[in-house]
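For reference, the structure is listed below as structure tokens.
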Ligand code: SF4
Ligand code: SF4
């Protein structure tokens with residue numbers, strides 16, 4: 001399975017004249033963009049050092065915000081249709097207006113509000129309204145929306161979700177023979193591949209008829225992004241398999257269950273938002289989140305939980321205490337790492353990961 | 001409601017609280033000497049202490065008499081008042097802890113229980129209080145209800161969720177969409193509908209029925225109180241200004257935490273009278289006001305006295321602040337004829353829920369109308385919505401208005417973040433530039 005390199009792929013696309021919008025984390029109606037022939041290239045942790053962004057942001061701001069600003073400040077050629085800031089957290093909320101109103105960029109800046117808290121009919125109605133408002137915004141810049149195109153986009157999205165759900169399920173039940181690194185590379189390819197290309201990639205994934213060998217130590221991971229590739233590599237070396245996730249850049253963006261195929265796009269998009277798994281950034285209920293995690297752990301037979309926390313990420317840090325406490329009460333081993341998205345793995349983290357996996361291994365053997 | 005508890009509450013309200021206040025007053029009879037750099041202190045300070053102490057004192061006797069709600073500073077509390085909730089403002093309480101330089105202690109309790117040191121210190125202090133029961137206010141009642149709005153930050157939602165879980169009590173959240181350009185009709189209707197959806201829940205928790213006329217009276221009172229607060233802040237345009245913004249940080253407490261109650265309304269009338277009188281007599285808050293400054297962001301509670309003195313000694317007075325203005329800025333939208341929509345407009349557009357262009361324009365206007373010579377921005381580790389964007393705000397303001405400005409890295413209530421050396425160096429450099437720019 002060949003996954004194209006992110007920057008090469010986007011460069012190639014831009015050269016073909018494809019409209020590309022830079023989208024910040026995390027939840028947004030990608031299908032609406034697709035219906036306007038705009039490709040959504042997500043900006044989570046672009047490579048490169050944080051230099052210029054430091055002149056705009058305090059030291060206590062999370063590296064995802066800083067790295068994305070660093071990327072935007074470079075005015076990259078691959079982004080030609082503007083930037084979209086979904087409303088995810090206080091920092092991204094302010095970054096959106098900072099870029100638009102104070103720093104200024106040559107491209108348009110859009111925002112998209114995601115409702116917060118517990119959801120009811122009032123929230124559902126509002127979400128429909130904001131979808132329609134976003135559509136109107138795009139129509140004023142581009143052209144009237146072609147309803148057929150939106151339906152096709154929703155169908156594509158539905159197929160991608162279905163494949164992803166199947167792949168997640170296969171991962172949980174050992175029907176997938178991908179290393180940790182390969183698996184998350186595949187998951188993250190949706191951040192930049194055209195939906196048709198991504199679907200094509202997912203269709204190539206080999207889901208085994210019979211479960212593979214199940215000797216490995218099994219781990220679930222929670223946080224914003226998957227662990228960095230160095231950590232994933234290290235876990236592979238140790239024979240640890242990440243069998244389930246509760247990641248914002250991962251399963252929290254895939255409906256909890258398989259949805260009916262779309263017939264009315266706005267209804268479909270609204271329903272889809274409300275059947276996403278509980279997430280700190282949406283201010284969801286803590287019990288619901290804990291229940292969701294427990295179910296995933298049980299279904300995947302994960303023996304422990306790795307929290308990979310982005311430094312200064314308030315939404316996750318608040319929930320983290322209770323999640324850890326509850327898991328420990330259930331005697332589930334927990335390891336928390338803190339990342340600034342650095343590309344190396346510190347000696348200390350290595351030792352902690354080793355000790356943790358040994359503990360899990362001992363638990364399995366005894 | 002227990003008759004015994006009600007009787008006790010009534011006795012405490014009518015006799016206990018006045019007796020305690022009189023005793024405290026007696027203890028304070030020998031006033032602290034006022035440093036030369038300051039003008040005569042406000043008489044109303046005494047009243048402020050009284051009503052706040054009384055509020056905290058009476059809260060101990062409230063369980064069993066009224067339902068208690070913990071509320072965030074930007075939440076539309078008028079609705080709760082219509083159900084006679086006794087309201088406690090954890091942010092206000094955390095500021096109190098911070099001002100007493102006990103923030104690190106309370107934060108430590110929360111941190112040892114697993115909350116990260118990188119979280120907002122108001123939240124950590126409150127969680128520290130919740131986990132330990134410690135408070136400088138004697139004792140705080142446990143909430144029956146939590147009421148929060150993300151119109152100041154999303155942090156409060158995470159924080160209140162944690163309390164709701166720990167105490168197993170209901171949480172009502174008012175979701176206020178961030179205003180990126182302007183409020184849309186959908187935003188306004190969404191907020192207005194949420195408020196109306198809350199009524200049955202509030203009726204259930206409070207055991208009281210909602211009466212529109214009572215609610216409207218509260219709304220009127222709240223609007224009138226906020227307007228008076230706005231007029232008090234306006235009076236600081238006078239030269240010399242009758243108060244410093246450090247005074248205003250204290251006098252802000254009733255508008256935040258007693259908004260909608262007669263006590264707050266009466267209080268600001270008294271303060272207004274005193275401020276007006278000082279303006280007409282030319283009495284300034286500092287003895288010789290030669291430079292006028294604007295403050296951006298929340299106070300550094302554990303250093304208020306230090307900063308007030310530092311600047312007063314240099315003949316510099318803070319005459320305005322984005323923070324104190326927040327409870328006056330959007331009052332104009334309140335309209336009893338259209339309560340739900342007007343509350344949506346009022347509470348949805350407050351400074352922290354509004355884009356940075358709005359903040360930039362507002363600050364520029366304040367700088368002009370208050371004849372400001374320099375700007376001090378507190379970049380606080382705790383508060384992302386207040387702090388992200390400050391570097392570029394400073395750049396835009398200094399470039400457009402040629403105004404000296406300094407950014408202080410500190411925290412609102414966790415005194416461990418204060419770096420004496422760094423702050424002194426920055427402040428001295430700022431004062432030199434300011435003096436040079438005005439008279440150099
Ligand atoms: S890592 Fe956390 S703080 Fe940073 S952008 Fe994501 S949600 Fe916001
Ligand atoms: S200080 Fe900022 S982050 Fe903390 S509660 Fe207040 S507004 Fe929210």
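Read-outs throughout are calculated quantities, based only on the coordinates presented, and are distinct from any laboratory measurement. All figures in this text were calculated on a predicted structure; none of them were measured in a lab. Note: ideal-geometry Cβ built from the backbone for every residue, glycine included; neighbour counts use all protein chains shown.
Taking Rh as the Kirkwood radius, which is the inverse of the mean 1/r over Cα pairs, what is the Rg/Rh value for region A:257-361?
Result: Rg/Rh = 1.06.
Report the dimensions of region A:141-264 along its three principal axes from the alpha-carbon atoms, largest first, rounded to Å.
Projected onto its principal axes, the Cα set of region A:141-264 covers 54, 32, 23 Å.
If you take each beta carbon of peptide B:375-384 and count the beta carbons of other chains within 10 angstrom, what is the mean?
Taking the mean over all residues of the peptide, I get 3.
Order of B:5-11, B:420-426, A:281-287, B:89-95 by packing, highest average Cβ count within 10 Å first?
B:89-95, A:281-287, B:5-11, B:420-426
Using just the helices of the protein assembly as shown, give the 222 nm mean residue ellipticity in deg cm²/dmol: DSSP H runs with n ≥ 4 each add -39,500 (n - 2.57), and the total is spread over all residues, rounded to 500.
-16000 deg cm²/dmol
Restricting to bridges with both residues inside chain B, how much of the DSSP beta-bridge set is antiparallel, in percent to the nearest 5?
5
Using only atoms on other chains, find how many Cβ atoms lie within 10 Å of each Cβ of peptide B:182-191 and report the average.
Mean partner shielding for this stretch: 4.
Please determine, in degrees from 0 to 90 and to the nearest 10, the orientation of helix B:90-99 with respect to the longest principal axis defined by the Cα atoms of chain B, where the helix direction is its Cα long axis.
40
Determine the equivalent ellipsoid of region B:94-238 by diagonalising the alpha-carbon gyration tensor, then write out the semi-axes as square roots of 5 times the eigenvalues, largest first, rounded to whole Å.
Equivalent ellipsoid of region B:94-238: 30, 22, 18 Å, largest first.
Which whole number of Å³ per residue matches the convex hull of the alpha-carbon atoms in region B:287-433?
With only Cα atoms used, region B:287-433 gives 124 Å³ per residue.
Out of all Cα-Cα pairs in chain B, roughly what percent, to the nearest whole number, are more than 38 Å apart?
Everything past 38 Å amounts to 19 percent.
Stokes-Einstein at 4 °C, 1.567 mPa s, Kirkwood radius from Cα pairs: D for region B:97-140 in µm² s⁻¹?
The Stokes-Einstein estimate is 129 µm²/s.
What FRET efficiency comes out for residue B:19 versus residue A:237 if R0 is 60 angstrom and r is the Cβ-Cβ distance? Round to the nearest 0.05.
My answer for the efficiency is 0.25.
Any chance you could check the Cα centroid distance between region A:110-145 and region A:165-198 for me, in angstrom?
Here the two parts' Cα centres lie 29 Å apart.
Expressed as a rounded percentage, what relative contact order does region A:140-263 have, with Cα pairs under 8 Å and six or more residues apart?
Dividing the mean separation by the residue count of region A:140-263 yields 35 percent.
Relative contact order, percent, of region A:6-146 when contacts are C-alpha pairs under 8 Å separated by at least 6 residues?
Worked out over region A:6-146, it gives 25 percent.
Once the Cα atoms of helix A:286-300 and of chain A are each reduced to a long axis, what angle between those two axes, in degrees from 0 to 90 to the nearest 10, is obtained?
Around 60 degrees separate the two axes.
Taking chain A as a Gaussian network, where each spring joins two C-alpha atoms under 10 Å apart, which residue of A:248, A:136, A:95 fluctuates the most?
Among A:248, A:136, A:95, the largest GNM mean-square fluctuation belongs to A:136.
For each of B:376, B:97, B:406, count neighbouring Cβ atoms within 10 Å of the residue's Cβ, then give the residues from fewest to most.
Placing the least packed residue first, the sequence is B:406, B:376, B:97.
When the distances between all Cα atoms of region A:6-146 are binned every 5 Å from zero, what whole-number percent does each bin get?
All Cα pairs considered, the percentages come to 2, 9, 19, 22, 20, 14, 9, 4, 1, 0.
Taking the C-alpha atoms of the protein assembly as shown, how large are the radius of gyration and the largest Cα-Cα span, Dmax, in Å?
27.7, 90
For B:309, A:140, which order do you get if you count the other beta carbons within 10 Å of each Cβ and list the fewest first?
A:140, B:309
If you take the square roots of the eigenvalues of the alpha-carbon gyration tensor of region A:138-198 and sort them as a ≥ b ≥ c, do you get rounded (a/c under 1.5), prolate (a/b over b/c) or oblate?
prolate
Between region A:212-281 and region A:33-57, how far is it from one alpha carbon centroid to the other, in angstrom?
After rounding, the separation between the Cα centres reads 22 Å.
Just from the alpha-carbon atoms, what are the Rg and Dmax of region B:5-85 in angstroms?
That works out to 16.6, 49 Å for Rg and Dmax.
Using Cβ contacts closer than 10 Å as the measure, can you line up A:143, B:290 from fewest to most?
Least to most surrounded, the residues fall as A:143, B:290.
Please report the spacing between the Cα centers of region B:88-167 and region A:320-349 in Å, no decimals.
Their Cα centres are 24 Å away from one another.
Restricted to Cα positions, what overall size does region A:275-329 have along the principal axes? Three whole-Å values, descending.
Principal-axis extents of the Cα atoms in region A:275-329, largest first: 30, 25, 17 Å.
Note the angle between two axes, namely the Cα long axis of helix A:314-329 and the longest principal axis of the Cα atoms of chain A, as a number of degrees from 0 to 90, rounded to the nearest 10.
30
Using a basic spin-label model with each label point 7 Å from the Cα along Cα→Cβ, how many nm lie between residue A:5 and residue B:166?
5.0
Can you give the percent of C-alpha pairs in region B:1-52 whose distance is more than 14 Å?
Across region B:1-52, Cα pairs with separations above 14 Å total 66 percent.
Kindly give Rg over Rh for chain A, based on alpha-carbon atoms, with the Kirkwood expression for the hydrodynamic radius.
Across chain A, the Cα-based Rg/Rh ratio is 0.95.
Over chain A, with a Gaussian network built from C-alpha contacts below 10 Å, which listed residue (A:72, A:224, A:242) shows the highest mean-square fluctuation?
A:72
Calculate the tail of P(r) for region B:382-440: the fraction of all Cα-Cα distances greater than 15 Å, expressed in %.
61
How big is the antiparallel share of DSSP beta bridges in the protein assembly as shown, given as a percent to the nearest 5?
Beta bridges within the protein assembly as shown, antiparallel portion: roughly 5 percent.
Would you mind telling me the antiparallel percentage of the DSSP bridges in region A:6-146, rounded to 5?
0
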